[in-house]
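*Asks:* This structure is in structure tokens; I'll ask about it shortly.
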Amino acid sequence: MDRRSFCLSTCSAALLAATGAHAADPFPNRPVRIIVSWAAGGGPDVQMRQTGPKLGEMLGQPLVIENKVGAGGVLAAQYVAQAPADGYTLLMSANTHLVQKIMQPTLKFDPIADFIPVSSLASSATVMMVRADGPYRKVEDVIAAAKASPGKFNYSSGGVGTSAHLAGATLVSLAGLKATHIPLKGSVEITASLLRGDTDFAFPIAGTGVPQAKGGKLRALAVTSRNRLKELPDVPTLNEVLRNELTVQESWFGLWVPAKTPADIVARLYDATNKALADPALQASFEAGGSTVAPSASPQAFAAFVQSENRKWAQIIQLAGITA
């Protein structure tokens, strides 16, 4: 073998060895990003920042959280849908992404086709609330009063398509009421609107509603969870009152990766997420914020859940005649 051939042979072998070593590098071997649709300091953002350190520990790499806020979560979803399918860019997903697509079919992302669900993280119900010094002590009281004064009742929310809006619209539709939806500038304004008497009833998230109910400023009439909340054991579910499965509405958050992400990477992310969510301190911090840690049984189970939720929210939006 001449010198030139030897050099080519040796260099080729070294290149193949280097390529093989790179291909064999375990996932992840660099920081992982999670794109959050909500502003820094908001409830979901806080939850993700609480989860991040523990999830990063389980992955063995730093977890970087980036906020891409706008259009009800649409901007973040479109960004991640177009990211490389390598497991290094995840979306903190929510039922909001399903709702926005249902209301706006022309959006440039598909929550079913463009992502692979990894695992659910947590869920949170809303609470039907009225002023504590008002005359309404149960849901039936509100329904009776609204029917006696058609068109004079209203309910508020943080905006069109939010959990408070959908819960209120569902009640109005199923009970056959004529009530006006008042979209406020944000969900943080719901409590003040109720206390001022500007709003007759509303459905703030449990993290907001439960403290207000315990503080005696507002009265909780029902919850939209499947089961009663342990923080409000005497408050019935809306399903107990109306006997309709569409009233079971919980805001949930999870992790999605772009479609075509390899199955072994999805499995690695799922395993790390489940281990992180098993941490008692993390669970306690979620519960303090009105949420329940709710990991999925498997990525396939979360995918089936997402599809069932998509069908349910489509029914709710059609029932209530909600448009963007």
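The values are calculated or read from the model by the stated rules, or taken from the named source; none is laboratory data. No experiment lies behind these values; they were computed from the predicted model shown. All Cβ positions, even for glycine, are placed from backbone atoms using ideal geometry, and neighbour counts span all protein chains on display. Heavy atoms of the whole protein, side chains included, go into the accessibility calculation; ligands, DNA and RNA do not. Shrake-Rupley method; radii C 1.70, N 1.55, O 1.52, S 1.80 Å.
*Asks:* Report, in deg cm²/dmol and to the nearest 500, the calculated mean residue ellipticity at 222 nm for the chain, where each DSSP H run with n ≥ 4 adds -39500 (n - 2.57) and the sum is divided by the residue count.
*Replies:* On the way: 12 runs with 146 residues, N = 324.
My calculation for the chain gives -14000 deg cm²/dmol from helical runs alone.
*Asks:* Which residue, chosen from PRO62, VAL46, LEU98, occupies the Cα position most advanced towards the positive end of the dipole of the stretch 39-101, where the dipole is computed from +1 (Lys, Arg) and -1 (Asp, Glu) charges on Cβ about the Cα centre?
*Replies:* LEU98
*Asks:* Quote the relative contact order of the stretch 87-169 in percent (integer), defining contacts as alpha-carbon pairs under 8 Å separated by 6+ residues.
*Replies:* On the way: 26 pairs, mean separation 20.2, N = 83.
Worked out over the stretch 87-169, it gives 24 percent.
*Asks:* Could you check how much of the accessible area of the stretch 260-324 is carbon and sulfur, as a whole percent, using a 1.4 Å probe?
*Replies:* Reported share for carbon and sulfur atoms: 55 percent.
*Asks:* Could I ask something else about it? Nothing charged except the Cβ atoms of Lys and Arg (+1) and of Asp and Glu (-1): what's the magnitude of the dipole of the stretch 94-233 about its Cα centre? Round to the nearest 20 debye. The partial results should precede the final answer.
*Replies:* On the way: 16 positive and 9 negative charges, 62 e Å.
Around 300 debye, computed over the stretch 94-233.
*Asks:* Another question about this same structure. Treating the beta-carbon of each Lys and Arg as +1 and of each Asp and Glu as -1, no other charges, what is the dipole magnitude of the stretch 17-152 about its Cα centre, to the nearest 20 debye?
*Replies:* Values: 12 positive and 10 negative charges, 96 e Å.
Computed charge dipole of the stretch 17-152: roughly 460 debye.
*Asks:* Over the Cα atoms of the chain, compute the convex hull volume and normalise it per residue, giving Å³. Kindly include the intermediate steps, with their values, before the conclusion.
*Replies:* On the way: hull volume 44.1 nm³, N = 324.
It is 136 Å³ per residue.
*Asks:* When only Cα pairs under 8 Å and 6 or more residues apart are kept, what is the percent relative contact order across the chain?
*Replies:* 25
*Asks:* Full extension from ARG226 to ARG33: what is 0.36 nm times the residue separation minus their Cα-Cα distance, to one decimal in nm?
*Replies:* 66.2 nm is the gain from fully extending ARG226 to ARG33.
*Asks:* For the stretch 48-59, what does the Karplus curve 6.51 cos²θ - 1.76 cosθ + 1.60, with θ = phi - 60°, yield as ³J(HN,Hα) per residue in whole Hz, taken in order and with x for Gly and Pro?
*Replies:* Running phi through 6.51 cos²θ - 1.76 cosθ + 1.60 with θ = phi - 60° gives 5, 6, 6, 6, x, x, 5, 5, x, 4, 6, 7 Hz.
*Asks:* Quick one: which of LYS101/LYS138; LYS108/LYS275; LYS54/LYS108; LYS101/LYS312 span more than 25 angstrom between C-alpha atoms?
*Replies:* Details: LYS101/LYS138 34 Å; LYS108/LYS275 34 Å; LYS54/LYS108 33 Å; LYS101/LYS312 13 Å.
Table pairs above 25 Å Cα-Cα are LYS101/LYS138; LYS108/LYS275; LYS54/LYS108.
*Asks:* Also, I was wondering about something else. Report ³J(HN,Hα) in whole Hz for each residue of the stretch 289-304, in order, from the Karplus equation J = 6.51 cos²θ - 1.76 cosθ + 1.60 where θ = phi - 60°; Gly and Pro get x.
*Replies:* Karplus values, whole Hz, x for Gly and Pro: x, x, 10, 10, 5, 9, x, 7, 5, 5, x, 5, 5, 5, 4, 5.
*Asks:* Work out the length of the dipole vector of the chain about its Cα centre, built from +1 on the beta-carbon of each Lys and Arg and -1 on the beta-carbon of each Asp and Glu, and round it to the nearest 20 debye.
*Replies:* Rounded to the nearest 20 debye, it is 420 debye.
*Asks:* Nearest 10 degrees is fine. How inclined is helix 263-277 to the longest principal axis of the chain, computing both from alpha carbons?
*Replies:* 50
*Asks:* In the full protein assembly as shown, how much of ARG219 is accessible to a 1.4 Å probe, in Å² to the nearest 10?
*Replies:* Taking all protein chains as shown, ARG219 has close to 40 Å².
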